[in-house]
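Just so it is clear, none of the values below were taken in a lab; they were calculated from the coordinates. Since we're looking at a predicted model, the values are computed, not measured. Virtual Cβ from ideal backbone geometry, glycine too; neighbours counted across all protein chains shown.
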Amino acid sequence: MARILIVEDEDRIVSFLAKGLEANGHTTMAVGDGITAAAVARDTDFDLMILDLGLPGQDGFAVLAEIRRRRERLPVIVLTARDQTADTVAGFDAGADDYVTKPFRFEELLARVRARLRDQGSTETTLLEAGRWVLDLRRRTATVDDRTVELSAREFALAEVLFRQPGHVLSREQLLSMVWGYDFEPGSNIVEVYVGYLRKKLGPELIETVRGMGYRLSP
């Protein structure tokens, strides 16, 4: 489990990131301006920072520059709507470890978070087990009774969210947000479709429908 500082001034994105990261076993803290972010990063021990560039007080470049001047080894993933090459280069030159542009998919961001944590030697669970089902997060494989099952990237992302919270009911909206991103279409039936895919591949008894509420892993 890693401690992650979210530096973002848009409440909707903060909520989306916090829910997704916490569902994947991490703890989060969020601040919405650059001056506070630099102070919190100095005074509190974090394993990783997700940093927006367009911040009030002082922008993300200034926050990043201050952190690197203090020679802190905190990994920083820049998260921004600025997608010009010059901004990307400036972010890396300022000391960013990775760069993700908005809009983004949570599964992509989560993969980058894992990569940065591995670089830092942070310990993270790589096997999620539920009875006779196992997800290997490092190899991105699923097994049932020691039989490997091929899952698409999106199927694996949905399975991972469910496996990380066995027995807990997750609503359609939560699953849409965590797996498909914060710009999802609320009326879409994509969750039902992908739950159906997982049931066909992993077994119908693995994922339980809780009427009027959502789905839960129930091996």
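Points worth noting:
- Of the residues Leu110, His168, Leu135, the one whose Cα sits farthest towards the positive end of the charge dipole of the stretch 98-170 is Leu110 (charges of +1 on Lys and Arg Cβ, -1 on Asp and Glu Cβ, taken about the Cα centre).
- Label point distance in nm, Lys102-Arg12, each placed 7 Å from Cα along Cα→Cβ: 0.9
- Lys, Arg +1 and Asp, Glu -1 on Cβ, resulting dipole of the chain about Cα centre, debye, nearest 20: 580
- Spatially proximal lysines relative to Lys19 (Cα-Cα < 25 Å; intrachain offsets below 8 disregarded): Lys102
- The label point for Asp43 and the one for Gln58, both projected 7 Å from the Cα toward the Cβ, are 1.5 nm apart.
- Note on Met29 and Thr209: the extension gain reaches 61.6 nm, defined as 0.36 nm multiplied by sequence separation minus the Cα-Cα distance.
- Compared with the dominant Cα axis of the chain, that is its longest principal axis, helix 153-163 is turned about 80°.
- On the principal axes of its alpha carbon atoms, the chain extends 53, 37, 31 Å, with the longest extent given first.
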